[in-house]
Amino acid sequence: MEPGNCSMNGGGGLDGIGGGGDDSSNGMITLEDLESFSEDQLSDSGNGSLEEAGEMIEDEEQQDRLLRYWQDAARGHQVEVPRDMAEPIQQITSNNNGQHDREHVPFTLITRKEKCGDVLYEKRHYEKAHWACITVHEDTYEQSICYGFMKLMRYICQQNSSGSYLGMTIPILTVIRTDENHSVLSRDVTVAYYLPTEYQAQPPLPSDIEISIEEWPATIVYTRSFTGATNEVTIINEISTMAEMLDSPATHVNDSFIVAGYTNPAVANRQNEIWFLERP
């Protein structure tokens with residue numbers, strides 16, 4: 001999938017987006033956890049507000065501690081987080097020092113299939129919306145989403161035509177393709193960020209020419225939650241599991257899928273969803 005063509009329709013492109021999500025499992029580091037980390041663990045006292053922490057240590061020291069935290073987590077995926085990511089990491093972790101609310105991508109729940117009280121999957125409707133997306137071609141899926149997300153973080157944090165912090169939205173989506181047997185993932189991975197509501201009408205243009213702004217048409221998706229690492233093996237397994245649960249798998253796009261991530265892509269344990277898109 002080439003940049004500028006990261007929307008899905010029934011023919012294999014991309015057309016829908018969004019997401020809710022279940023509660024995080026034990027040991028999982030969410031964006032909310034990272035926000036708590038910046039408030040509590042960056043303070044020498046171990047507690048207190050961001051304002052109190054700011055009285056004890058300089059902003060640069062806070063950035064350094066958060067940067068080291070992300071670097072340590074990312075090395076497990078053979079990803080290097082450069083020094084110039086310190087400020088974007090701090091801004092997104094604190095949501096620009098609490099000046100923005102973290103926005104969830106809106107959707108309408110159509111139906112939910114359950115068995116013995118457990119949710120097997122949900123059917124949702126997403127309206128058309130603008131997304132910033134970038135296609136990455138790293139050696140592994142994990143590396144692609146990490147490097148793609150870092151580029152999007154820079155776009156969110158002022159490297160855009162408005163020159164302002166746009167605000168974090170969740171989930172972050174990755175569009176993946178498979179072979180005909182759904183046994184191998186393509187190296188082309190598209191990472192996408194939903195533009196906050198206030199920027200949907202006029203999305204700020206990215207400074208990075210590798211990032212494109214796309215309007216994805218309204219779509220219906222079938223989504224199933226899962227936790228843990230997202231890599232080639234786990235994604236193929238989730239695709240297989242979801243296909244077995246759907247009543248009419250032939251009505252869905254069968255070569256392109258979406259992984260919705262609700263947690264920092266640099267960590268191993270994450271809250272995710274696998275999405276199947278309904279053919280138009």
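The values are calculated or read from the model by the stated rules, or taken from the named source; none is laboratory data. Only a predicted model underlies this, so the values are computations on that prediction, with no experimental measurement involved. All Cβ positions, even for glycine, are placed from backbone atoms using ideal geometry, and neighbour counts span all protein chains on display. Calculation scope for accessible area: heavy atoms of the full protein, side chains included, ligands and nucleic acids excluded. Shrake-Rupley method; radii C 1.70, N 1.55, O 1.52, S 1.80 Å.
Just a few scattered comments:
- Straight-distance crosslink candidates among lysines, where the alpha carbon sits under 24 Å from Lys128 and sequence neighbours closer than 8 are dropped: Lys151
- Segment 103-278, accessible surface, carbon-and-sulfur percent (1.4 angstrom probe): 48 percent
- Karplus 3J(HN,Hα) series, Hz, for segment 202-218 with 6.51 cos²θ - 1.76 cosθ + 1.60 (x for Gly, Pro): 9, x, x, 7, x, 6, 7, 5, 7, 9, 10, 9, 10, 9, 8, x, 4
- Inter-part distance where segment 174-194 and segment 205-268 are each reduced to a Cα centre, Å: 8 Å
- Proximal lysines relative to Lys123, as straight alpha-carbon distance under 28 Å, when same-chain residues fewer than 8 apart are discounted: Lys113, Lys115
- Positive contributions from Lys and Arg (+1) and negative ones from Asp and Glu (-1), summed over other residues with Cβ under 9 Å from the Cβ of Arg187, come out at -3.
- Per residue accessible area of segment 103-278, 1.4 Å probe, in Å²: 41 Å²
- Efficiency of FRET from Cβ geometry, Glu210 and Asn181, R₀ 30 Å, rounded to 0.05: 0.45
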